[in-house]
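Everything below concerns the one structure shown next.
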Amino acid sequence: MPLNSYRKPCPGGYQIQAGDMPLAGTLGAKVRWGAPVRDVVITAGHIVDNLNAAVFQPGAAGTVGEVQRIGSVAGRSVRRTYRDVAAFIGSGADSPEERITSRFDFAYIDVSGDPTATSYRIPGLNDADLPLAVREPREGEQVQWLGSQTGFVRSGRVVDLSFWLPRSLDDTNLVNQQFFSVQPLTLIEVEGNVPTREGDSGAAIVAVDDRNIVGVHCYGTKLESGKVFSMASRIPASPQALADGAVSVAYEEVLRWLARLKLWRAS
């Protein structure tokens, strides 16, 4: 069954879309999370916009009926947007408070209105309808994930736990692009030479050794060398940690990030 088709209960890896956003993403996983702990769906922050917006699968609110609704946006990562990357970088004369980076690219969806709308399953990764635990990623570990556009389980290895990326909220909007910064990201070297596809954002990153969820996929790229990489956001410990998840950054630190980014692109 295609991962952009309707299925109830909806497993992880299937396509979802917030009713007020033009682009679809991936339902990462239904997990037991938060404080107090409850069932939520986790995904990438940049695929949702306003709190309380309805989330459907598949497609947007204008093309589906209420039966496809799985829940509503209960929280998303803090982000300050800039007109371009240069506006974020600024200069040494800028104060740190004028340069804000997010700690997460993460959102969670309240599914308490219909407990049967989603399941804990992620095809090929969690075939039992039991929740996977969430933890921090570890450098060097093997991970797997299932994105709705790629449509099959991908594998890779964590190679960096403090990667930085300035990215666009919507790469298709060339007239009014908005950039935001995320750090630290988990950098994953992907097996094979096929990059992840737009629409895979939100896929749950699952550790091979203990089947714990260690992040959500938020970006992928292929270097000129042919190496393929994916980036994953950390998962905050609670809604409060998510709400606190932005920090001001000094110019000198951004310069260090730029130097590391340049070396990585040349690798």
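The values are calculated or read from the model by the stated rules, or taken from the named source; none is laboratory data. Quick caveat: nothing in here was measured; it's all calculated off a predicted structure. Every residue, glycine as well, gets a Cβ built from its backbone with ideal geometry; the counts of neighbours run over all protein chains shown.
At a glance:
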read-out: Members of region 23-44 that are touching a Ser or Thr at 6+ places or on another chain (Cβ under 8 Å) and either among the polar types (S, T, N, Q) or surrounded by fewer than 21 Cβ atoms within 10 Å (Cβ to Cβ) (or both); value: 23, 26, 34, 35, 38, 39, 43
read-out: Residue match in region 81-104 (condition: within 22 Å of residue 22 (Cα to Cα), surrounded by 15 or more Cβ atoms within 10 Å (Cβ to Cβ) and at pLDDT 95 or above); value: yes
read-out: Residues located in region 182-213, provided they are of a type outside the set (Asp, Glu) and crowded, with 24+ Cβ neighbours inside 10 Å; value: 182, 185, 186, 188, 196, 201, 202, 203, 204, 205, 206, 213
read-out: Members of region 51-68 that are of a type outside the set (Ser, Thr, Tyr) and at pLDDT below 90; value: 57, 58, 59, 60, 61, 62, 64, 65, 66, 67, 68
read-out: Any chance residue 249 is surrounded by 14 or more Cβ atoms within 10 Å (Cβ to Cβ) and either within 21 Å of the chain's Cα centre (by Cα) or not aliphatic (A, V, I, L, M) (or both); value: no
read-out: Residues that are of a type outside the set (Phe, Trp, Tyr), out of contact with any helix residue (DSSP H, G or I) (no Cβ under 7 Å at 6 or more places or on another chain) and either on the phi > 0 side of the Ramachandran plot or touching a residue at least 12 places away in the same chain (Cβ under 8 Å) (or both), drawn from region 245-267; value: 245, 246, 247, 252, 258, 260, 261, 265, 267
read-out: Options 71, 92, 75: the member that is touching a residue at least 12 places away in the same chain (Cβ under 8 Å) and out of contact with any Phe, Trp or Tyr (no Cβ under 9 Å at 6 or more places or on another chain); value: 71
